[in-house]
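Structure, as structure tokens:
The values are calculated or read from the model by the stated rules, or taken from the named source; none is laboratory data. Note that the structure is predicted; figures quoted are calculated from it, not measured. Neighbour counts are summed over all protein chains in view; Cβ atoms, including those assigned to glycine, are modelled from backbone coordinates with ideal geometry. When the accessible area is computed, the model is the full protein with side chains, heavy atoms only, and any ligands, DNA or RNA have been set aside. Shrake-Rupley method; radii C 1.70, N 1.55, O 1.52, S 1.80 Å.
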Amino acid sequence: MSRKDKKKKKKEEEEEDDEEDEEEEEGGQNVQQMTMRSVKIVKKNKEGRKFYVGTQAMRNEWVLAIATALNDFKDLSSEDSALAKAAEQKIRVNIIRARDLTAKDFGGKSDPYVVVEFENMGLKIQTEVKMKTLKPKWNEVKEVRIRDPEAERILLKVYDWDRLGKAGSLGIATVKLSELVLVDGKEVVKELRLEGGGEGRLEIGITSLGWSMN
């Protein structure tokens with residue numbers, strides 16, 4: 001083979017290699033496009049009217065997970081619907097503190113604790129009792145998995161512990177997760193007014209820890 005033929009063959013081989021690299025790159029882009037989709041973020045205000053928040057590129061499996069909270073499976077196949085319904089959102093609830101509570105004891109103090117109730121799930125968790133105070137500090141963190149965050153309501157019931165008799169109510173507050181703008185890893189702190197026979201305020205923090213398949 002002449003030198004000229006060798007150069008020509010080498011050039012052809014290099015061109016073939018370049019074409020293969022381009023095909024691999026295009027294939028990678030196609031795979032990425034298949035696993036990602038652009039999603040419009042929409043929320044509802046208190047009147048039930050929807051408003052546009054923004055657009056986010058998300059992996060398909062997370063789109064299916066978020067569909068659980070929205071209860072909107074009309075555009076999904078039956079198989080995808082079953083997958084979406086299996087998704088859960090993990091949240092962290094931090095019972096931070098309370099202030100200006102009602103005095104229930106003879107000494108002008110109370111022994112408060114908080115019962116956190118997830119209404120739709122039927123789950124209850126409780127803090128420790130803080131003795132002889134009207135401004136308790138707990139900073140107790142509880143983590144739970146929620147199947148339907150949009151419908152979940154959290155009841156926060158504050159009680160005065162009694163060694164001998166029944167615990168007395170110091171008030172109750174409620175939180176609807178649908179009214180919170182939760183961003184993964186960022187705590188949303190709320191100070192809630194206690195009602196229902198008590199007075200004072202209860203401070204809590206709620207953090208989204210992301211979605212997972214159960």
Residues that are aliphatic (A, V, I, L, M) and at pLDDT 95 or above, drawn from segment 161-187: Leu170, Ile172, Ala173, Val175
Restricting the search to segment 82-125, which residues are of a type in the set (Phe, Trp, Tyr) and not in a strand (DSSP E or B)? Phe106
Take the conditions in contact with a helix residue (DSSP H, G or I) (Cβ under 9 Å, 6 or more places away or on another chain) and closer than 15 Å to Ile206 by Cα and apply them to Ile96. Does it pass? no
Of the residues that sit in segment 145-160 and are at pLDDT 95 or above and crowded, with 18+ Cβ neighbours inside 10 Å, which one is farthest from Gly198 (Cα to Cα)? Ile154
Taking Glu128 as meeting all but one of (1) more than 10 Å from the chain's Cα centre (by Cα); (2) in a strand (DSSP E or B); (3) closer than 25 Å to Lys90 by Cβ, write down the number of the exception. (2)
Output the residues belonging to segment 193-214 that are open to solvent by 50 Å² or more (accessible area, probe 1.4 Å), more than 14 Å from the chain's Cα centre (by Cα) and touching a residue at least 24 places away in the same chain (Cβ under 8 Å). Glu195, Gly196, Gly197, Glu199, Arg201, Asn214
Quick one: Val141 ticks every box in (1) open to solvent by 70 Å² or more (accessible area, probe 1.4 Å); (2) modelled with pLDDT under 95; (3) not in a loop (DSSP other than H, G, I, E, B) bar one, so which box is it? (2)
I'd like to verify a number: residues in segment 138-169 that are closer than 12 Å to Leu101 by Cβ and charged (D, E, K, R), how many? 1
Go through segment 172-192 and give me each residue that's assigned to a loop (DSSP other than H, G, I, E, B) and either touching a residue at least 60 places away in the same chain (Cβ under 8 Å) or among the polar types (S, T, N, Q) (or both). Val181, Leu182
